[in-house]
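The values are calculated or read from the model by the stated rules, or taken from the named source; none is laboratory data. These figures come from a predicted structure and were not determined experimentally. FYI the Cβ positions are ideal-geometry reconstructions off the backbone, even for glycines, and counts take in every protein chain you see. These area figures cover heavy atoms from the full protein model, side chains too; ligands, DNA and RNA do not enter into them. Shrake-Rupley method; radii C 1.70, N 1.55, O 1.52, S 1.80 Å.
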Amino acid sequence: MIRHRPFGSGHPYSVDTEQRSPVDPVAGEPLVLGVRGSASVTSVRLEWQRDGVAQPAIDLERVATTSRGQVVDGGHLASAQARLARAAGGWRTELDGLRRGERLRYRFSAPAEKTRWFDATVSGWTEGAPGLREVGRERAVPGSASSLEDGVAVRRVRFAIPLAPGERVAGLGERFDRLDQRGTTLDSMVFEQYKNQGAERKTYLPMPFAHVVGDSGWGFHVRTSRRVWFDVGASTPDQFWVEAETAPDGILEIEFFDGSPREVLAAFLDRVGAAEELPAWVFRLWASGNEWNTQAEVIRQADAHRDHGIPVGSIVIEAWSDESTFTTWRDATSAVADGARPKKLADFDFPADGAWPDPKGMTDELHRRDIRVHLWQIPLIKMRPHPKGQVAEDAAAAIRDDVLIREPAPDGSLRPYRNRGWWFPLGLMPDLTDERAARWWTEKRRYLVDEIGIDGFKTDGGEHAWGRELVYLDGRHGDEKNNTFPVHYAKAYGDLLRRAGKAPVTFSRAGFTGSQAHGAFWAGDENSTWDAFRWSLFAGLNAAASGIVYWGWDLAGFSGDVPTPELYLRSAAAATFVPIMQYHSEFNHHRTPSRDRTPWNIAERTGDERVIPVFRAFTELRERLVPYLAEEAARAVASREPLMRPLFFDAPTDPQVWQHPLQWMLGDALLVAPVTVEGESTATAYLPPGEWRDAFTGERIDGGRVVERATPIDEAPVWVREADWHRMRGVFGR
């Protein structure tokens, strides 16, 4: 068997063995054509034509097999596809000398087998971009614009924007590696980068929006959901190059905003949607662990919080469901019903010896303790192993009722898209960008909110729409829609909560332009390292600069062995002063010793007696901060500005703020400069001009200078504006 998929898997950062690369051939660039073959294939040949004229056949060479960004022979893929691929071989060839506008036709042959014919038209870069529309003050460098087109359709538009000396560039969504992106290259693709986001420079939550901060403040938004590439003065130091995919008509709009960072962000949010105020309880501690997968364990952990005197406001239960329907509690039983019919609580039996004997009683008990309950979700119908029972009915109904994202079949028809990502491979994916399909999907979860009393959803895994050829229910394709999927995913669950009379509290890791209006976010999966600590804080600051108000991260990381006491407590100190304070831990198959990130487990694992009392003190401080955070969040939402604010919002012309990038304002009163380096006991911070108070000692300090502060493990480098000291001193026990 031989197989060629021109578009590959749709992995945005990798070329699969069997794909065409680039997918759209470009004049003057080599074109790689690849095939995957079974172990019995001994040779593969390319038959091809240029503008209808047959060309000499080419024998392909053997290559290592790669799939979805990993070399199969040495990597790991959590799917049967990868296991089969280990017995398959890769084949490839390269074509050169292609000309703009020529049509290519090709197929592959092996002994006793041929593929179908494939067609492609060669594009080339030409001067000018007639479809480029500048809104606001025009800034594109004259003569810099060009178009990648084939004589009929435009593929991309490219142009430059001038960068003045000293101008800094921030925002662009949730970026993990730094605050100032000048001198780098990046793009805007929603992508599941499992850990090491700062090193890999990929993100779950990109946006083609940036602040340009300097003597003359401005910013811009590329008005597209398609992929955009940015060269931020990397190749040409005084120019910011933008390259964007377009529709065939080549139209691309970029809007420029003039003013301070506050004015730029407010103008942007007026166009794309701003945050909705969430209830004050979201500012209390969030707690979870992937091994809290029974009712008894959840209650045990809630009891431990109570017994250790550590207040908790929300518990997120990740491993609650059957991991197939994602609507049914594990071990619960019910009669198989039409997959489109939402079930009621009374439809289920909960065995007394099951994992969740009484989920409503558990939820009621947690509510009596003033703890909110959130359930994990994934926007997929699991199809491996082959579905049976209710999940088979769910899949059949989703296909019948036409609520799924689709993909082209080899015969040109449309079939349900099968998830190409690593998580729940081959699952079916609902088109949550469609209101009818979104309601079909979320109403099946209605009983969880209405009858059990669930307060919110962890809307995880919004990154699984891979491939520009996917077809959504409105007829548009993946190149335009995939980035928008996580926006609508969070919206769909927020709308479900609203229909039930509750606040739209969702907790997402993926997003795009428009996500600002939909719930809270966390920074995704990370290791328990100091690098990851710093990367996560950069992510929060860039997300905030892009308009995300409610944000947090897994303090001290969630993956691998437990963090050191120092990392755990320094992270807890910083998390006390971000919008969402939460800890979480990865599934570890219940092996011992436990890798839970609870303070009592960290204390037990490390033998450090400071952990519990110091963590308790920070969570008690957080409880006292809740009224302030709620008040400041309401003001931030109303004024279209961040709650966690990079210092350039307050001092855009002050170069010192860029020398201390891991500092922020939390609301108008508090300046935070956490200790983020292992072994350091002294914090160095820049205080903008004005009068300040040390939050923990009450000492008066004049700003406009760099200060050093000895910071024991039970304190955080935080300063209060002198004008606000009267209302904040009690919060800090002064």
Query - Alpha carbon convex hull of segment 586-689, volume per residue in cubic angstrom - result: 161 Å³
Query raised in the report: Given N residues in segment 513-624, what is Rg(Cα) / (2.2 N^0.38 Å)?
Result: 1.09
Requested in this report: Evaluate the relative contact order of segment 219-287 (contact order divided by residue number), counting alpha-carbon pairs under 8 angstrom at least 6 apart; express in whole percent.
Outcome: 31 percent
**Report entry** Burial order of peptide ranges 310-321, 701-712, 435-446 (average beta-carbon count within 10 Å, highest first)
**Finding:** 310-321, 435-446, 701-712
Query raised in the report: Share of the chain's accessible area from carbon and sulfur, percent, 1.4 Å?
Result: 49 percent
Query raised in the report: Mind ordering 168-179, 336-347, 545-556, 215-226 by average Cβ neighbours within 10 Å, highest first?
Result: 545-556, 168-179, 215-226, 336-347
Query raised in the report: Which distance in nm do the two modelled labels at Thr684 and Arg476 give, with both placed 7 Å along the Cα-to-Cβ direction?
Result: 4.8 nm
**Report entry** 5 Å-binned pair-distance histogram of segment 136-292 (Cα, whole percent)
**Finding:** 2, 8, 15, 18, 19, 15, 9, 5, 4, 2, 1, 0
Requested in this report: Against the globular-protein guess of 2.2 N^0.38 Å, express the Cα radius of gyration of segment 141-224 as a ratio, rounded to two decimals.
Outcome: 1.26
Requested in this report: Using every Cα-Cα pair within segment 452-574, state what percent have a distance larger than 22 Å.
Outcome: 46 percent
Report task. Mind jotting down the distance between the C-alpha centroids of segment 683-712 and segment 1-42, whole Å? Result -> 57 Å
Requested in this report: Can you tell me which of 641-647, 524-530, 255-261 comes out highest on packing, and rank the rest after it, using the mean Cβ neighbours within 10 Å?
Outcome: 641-647, 524-530, 255-261
Query raised in the report: Magnitude of the Cβ-charge dipole of the chain, K/R +1 and D/E -1, about the Cα centre, nearest 20 debye?
Result: 1300 debye
Query raised in the report: Once label points are set 7 Å from the Cα along Cα→Cβ at both Glu138 and Arg415, what is their separation, rounded to one decimal in nm?
Result: 5.0 nm
Query - Shape category assigned to segment 276-323 from the gyration tensor of Cα positions, a/c cut at 1.5 - result: oblate
Requested in this report: May I ask you to evaluate 6.51 cos²θ - 1.76 cosθ + 1.60, the Karplus curve with θ = phi - 60°, for each residue of segment 171-180 and list the ³J(HN,Hα) values in order in whole Hz, giving x for glycine and proline?
Outcome: x, 6, x, 7, 10, 8, 8, 6, 8, 9
Requested in this report: Would you mind working out the magnitude of the charge dipole of segment 339-395 relative to its Cα centre, with +1 at each Lys and Arg C-beta and -1 at each Asp and Glu C-beta, to the nearest 20 Debye?
Outcome: 260 debye
Query raised in the report: Using a 1.4 Å probe, what is the accessible area per residue for the chain, in Å²?
Result: 36 Å²
Report summary line: Sequence order, segment 37-46: Karplus ³J(HN,Hα) from phi using 6.51 cos²θ - 1.76 cosθ + 1.60, θ = phi - 60°, Hz rounded, Gly and Pro as x, gives x, 6, 4, 7, 6, 9, 7, 9, 10, 9
Report task. For helix 565-575, report the angle its Cα long axis makes with the longest principal axis of the Cα atoms of the chain; keep it between 0 and 90° and round to the nearest 10°. Result -> 90 degrees
Report summary line: Given a Förster distance of 56 Å, the FRET efficiency implied by the Cβ-Cβ spacing of Ala54 and Ile251, rounded to the nearest 0.05, works out to 0.90
Requested in this report: Could you work out the relative contact order of segment 486-544, using alpha carbon pairs under 8 angstrom and six or more residues apart, expressed as a whole percent?
Outcome: 28 percent
Query raised in the report: For the residue pair Ala346 and Glu94, what label-to-label distance in nm results when each label sits 7 Å from Cα along the Cα-to-beta-carbon direction?
Result: 7.0 nm
Requested in this report: Could you list which residues have their amide H under 5 Å from that of Glu253, counting only those 5 or more apart in sequence or on another chain, with H placed in the peptide plane?
Outcome: Arg133, Arg223
Query raised in the report: Remind me, relative contact order of the chain in percent, using alpha carbon pairs under 8 angstrom and six or more residues apart?
Result: 11 percent
Query - Prolate/oblate/rounded call for segment 419-459, Cα gyration tensor, a/c under 1.5 rounded - result: oblate
Query raised in the report: 222 nm [θ] for the chain, helices only, -39500 (n - 2.57) per DSSP H run of 4+, per residue, to 500?
Result: -6500 deg cm²/dmol
Requested in this report: Mind listing the long-range amide H neighbours of Ser9? Cut-off is under 5 Å, sequence gap 5 or more, other chains count too, H placed in the peptide plane at 1.01 Å from N.
Outcome: Asp16, Arg68
Report task. Enter the angle in degrees (range 0 to 90, nearest 10) between the Cα long axis of helix 359-368 and the first principal axis of the Cα atoms of the chain, meaning the one along which they spread out most. Result -> 40 degrees
Report summary line: Here the equivalent ellipsoid of segment 387-479, derived from its Cα gyration tensor, has semi-axes (largest first, whole Å) of 25, 15, 14
Report task. Kindly express, to the nearest 10 degrees and within the range 0 to 90, the angle between helix 389-400's C-alpha long axis and the longest C-alpha principal axis of the chain. Result -> 60 degrees
**Report entry** Rule-of-thumb Rg ratio for the chain [Cα; 2.2 N^0.38 Å; N residues]
**Finding:** 0.99
